[in-house]
Amino acid sequence: MVHLEDPDAAWPSAYGREAARLVAACEGRVTEVEHIGRTAVPGLVAKPIIDVAARAAPGVDPFTLGPALEALGYRQHRSGPKNHGVYVRSRDGVRTHIVHVFAHDAWNTCNQRLVRDRLLHHADARARYAALKERIGEIADGAEYTAAKRQLIQDLLDEERAGRGLPAVSAWDK
């Protein structure tokens, strides 16, 4: 079953601790880190996974940070998106953290940050997302759960991109 939790006031500080560890471990190979995912949006139920976006320094390949992140307990997620590096940390077989590393020039338009921004800055977007989570909260299969969110995520991305004068793109970068 997909495990959702009520909003937790500890999520931002958990992100802050992890961001500091990541910056230190990457030794200048990332230039920015941000809290993304639903734990970054106050008031939303979420899977209790801290998602982090990291911007690779100019000339750094996002897929080459494995050794630095492995020292923190992360493993590269090779079956995920192909347009950025994804590293996952788990405890007892349950994901606790995901780091998405984007190429330096992809940072300003990466989907994950744009959807997060839409949810942070638009109450109607949060309400639509919360209503969807309520409807799909009992789905047990992770792939089915993701599929059930697919259209709303695409809609939120489209809205945010349009608001910034950017063309539409697929939200699903696998």
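The values are calculated or read from the model by the stated rules, or taken from the named source; none is laboratory data. Just so we're clear, the structure is a prediction, and the values are computed from it rather than from any experiment. Neighbour counts are summed over all protein chains in view; Cβ atoms, including those assigned to glycine, are modelled from backbone coordinates with ideal geometry. Each accessible area value is taken on the protein alone, full model and side chains, heavy atoms only, with ligands, DNA and RNA left out. Shrake-Rupley method; radii C 1.70, N 1.55, O 1.52, S 1.80 Å.
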Rounded if a/c under 1.5, otherwise prolate or oblate - region 129-174, Cα gyration tensor axes
oblate
Under a Gaussian network model of the chain whose springs join Cα atoms within less than 10 Å, the largest fluctuation of Ala40, Ala54, Ala131 belongs to Ala131
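State whether region 18-107 is rounded, prolate or oblate according to the following rule on the C-alpha gyration tensor (a ≥ b ≥ c being the square roots of its eigenvalues): a/c under 1.5 gives rounded; otherwise a/b larger than b/c gives prolate, and the remaining case gives oblate. Don't skip to the end; give the middle numbers.
Values: a/c = 1.61, a/b = 1.33, b/c = 1.21.
Cα axes put region 18-107 in the prolate bin.
Checking the a/c ratio against 1.5 first, then a/b against b/c, what shape does the Cα gyration tensor give for region 66-136?
oblate
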Run the accessible area of region 104-164 with a 1.4 Å probe and give the carbon-and-sulfur part as a rounded percent.
49 percent
Roughly what % antiparallel, to the nearest 5, for the DSSP beta bridges in the chain?
75 percent
What angle, in degrees between 0 and 90 and rounded to the nearest 10, separates the Cα long axis of helix 123-136 from the longest principal axis of the Cα atoms of the chain?
80 degrees
Run the count for the chain, please: Lys pairs, Cα-Cα under 14 angstrom, 8 or more apart or on different chains.
4
On the principal axes of its Cα set, how long, how wide and how thick is the chain? Give whole Å, largest value first.
42, 42, 29
Say R0 is 41 Å: what FRET efficiency, to the nearest 0.05, do Ala123 and Glu27 get from their beta-carbon distance?
0.55
Roughly what would the spin-label model give for His3 and Arg78, points 7 Å off Cα along C-beta, in nm?
2.7 nm
I'd like the orientation of helix 111-121 relative to the chain: the angle between its Cα long axis and the longest Cα principal axis, in ° from 0 to 90, rounded to 10.
50 degrees
Rounding to the nearest 10 and keeping the result within 0 to 90°, find how far the Cα-based axis of helix 11-26 lies from the longest principal axis of the chain.
30 degrees
Region 53-102 - accessible surface per residue (Å², probe 1.4 Å)
48 Å²
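Can you give me the orientation-averaged projected area of the convex hull built on the Cα atoms of region 5-62, in nm²? Could the numbers behind the result be given before it?
Details: hull surface 15.5 nm².
For region 5-62, averaging the hull's shadow over all directions gives 3.9 nm².
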As an exercise, identify the trypsin sites (Lys or Arg not before Pro) in region 4-81 lying in DSSP coil whose Cβ has no more than 10 other Cβ atoms within 10 Å.
Arg78
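Nothing charged except the Cβ atoms of Lys and Arg (+1) and of Asp and Glu (-1): what's the magnitude of the dipole of the chain about its Cα centre? Round to the nearest 20 debye. Walk me through the numbers on the way to the answer.
On the way: 24 positive and 23 negative charges, 40 e Å.
Rounded to the nearest 20 debye, it is 180 debye.
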